[in-house]
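Have a look at the structure below before the remarks.
The values are calculated or read from the model by the stated rules, or taken from the named source; none is laboratory data. What you are looking at is a predicted structure, and each value in this text was computed from that prediction instead of being measured. Glycine also receives a Cβ, built like all others from the backbone with ideal geometry; neighbour counts cover every protein chain displayed.
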Ligand SMILES: [Cu+2]
């Protein structure tokens with residue numbers, strides 16, 4: 001049995017590692033300026049953990065092959081005892097996790113600890129069961145003030161605006177698809193009306209929780225024209241599966257036209 005176990009284990013190890021190396025199931029195309037750095041970090045993490053995974057599984061398979069059928073139990077103890085080996089393994093894995101955390105935090109900080117560029121396109125995002133809505137400041141460049149008590153989904157007032165009394169609110173553009181210009185920095189402010197949701201666009205390499213009571217900033221720059229799915233990745237209720245929207249990246253001139261047509265002139 002020992003030899004068979006060793007062979008089966010070695011096959012499972014090599015085949016599963018092969019799927020990862022060949023990128024059989026992998027991330028979709030990258031459309032973000034930060035994407036290449038995140039992808040490189042992911043590759044480094046997979047390489048570092050992959051080497052440990054492969055070596056530990058193959059060593060285990062080799063031991064099973066060699067000693068698994070040892071009926072007389074000639075070998076009772078690992079030479080020198082198991083203690084030092086376990087300590088060595090704990091230190092090795094611990095160091096690896098620490099190093100990966102420190103290296104990875106640089107990429108993370110460049111997204112989350114850095115303010116958006118001056119002149120970024122501001123878009124306000126409201127998440128609720130089970131939809132995303134997006135708000136642009138309109139031609140005046142100013143968002144209308146939000147009054148939470150005025151939020152009415154029934155008449156499309158997802159953001160609680162007061163256009164009768166608030167001049168800034170009158171030209172705010174509210175849409176169900178996030179449309180952004182190609183190559184221009186976009187700064188989102190995200191909030192949730194009811195419970196925790198998550199804004200996930202795999203192509204942007206961005207996944208960000210939206211927590212009720214907080215305004216969560218997030219910025220990105222899209223590098224490819226196209227239409228990409230936005231999905232909620234926090235289980236937020238019975239309709240969670242249907243909570244999706246789209247990110248549409250347009251060339252600058254088409255975006256300007258689109259925004260103009262939305263603001264009704
Ligand atoms: Cu949700």
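Might you let me know whether region 43-55 holds any residue that is more than 27 Å from the chain's Cα centre (by Cα), without any contact (Cβ under 8 Å) to a residue 24 or more places away in the chain and outside the structural domain of residue 220 (by TED's automatic domain parsing)? Yes, because at least one residue in region 43-55 is more than 27 Å from the chain's Cα centre (by Cα), without any contact (Cβ under 8 Å) to a residue 24 or more places away in the chain and outside the structural domain of residue 220 (by TED's automatic domain parsing). Applying the condition of being under 18 Å from residue 203 (Cα atoms) and more than 10 Å from the ligand (Cβ to nearest atom) to region 223-242 and asking which residue is surrounded by the fewest Cβ atoms within 10 Å (Cβ to Cβ) yields 227. Contact map, region 6-22: first residue assigned by TED's automatic domain parsing to the domain that holds residue 60, second residue not in a helix (DSSP H, G or I), Cβ cut-off under 8 Å, separation 6 or more or different chains; pairs are 6/68; 19/25.
So, residue 178, is that one touching a residue at least 12 places away in the same chain (Cβ under 8 Å), within 16 Å of the ligand (Cβ to nearest atom) and either under 24 Å from residue 156 (Cα atoms) or surrounded by 14 or more Cβ atoms within 10 Å (Cβ to Cβ) (or both) or not? Can you show your working first?
On the way: touching a residue at least 12 places away in the same chain (Cβ under 8 Å): yes; within 16 Å of the ligand (Cβ to nearest atom): yes; either under 24 Å from residue 156 (Cα atoms) or surrounded by 14 or more Cβ atoms within 10 Å (Cβ to Cβ) (or both): yes.
Answer is yes for this residue.
When 78, 63, 67 are checked against the criterion of being closer than 30 Å to residue 48 by Cα, at pLDDT below 80 and in contact with a helix residue (DSSP H, G or I) (Cβ under 9 Å, 6 or more places away or on another chain), a single residue qualifies: 78. Each residue in region 107-164 was checked for being part of a helix (DSSP H, G or I) and touching a strand residue (DSSP E or B) at 6+ places or on another chain (Cβ under 7 Å), and 1 pass. Residue check, residue 220 against (1) part of a strand (DSSP E or B); (2) within 16 Å of the ligand (Cβ to nearest atom), all met but one. Which one? With respect to (1) part of a strand (DSSP E or B); (2) within 16 Å of the ligand (Cβ to nearest atom), residue 220 is out only on (2).
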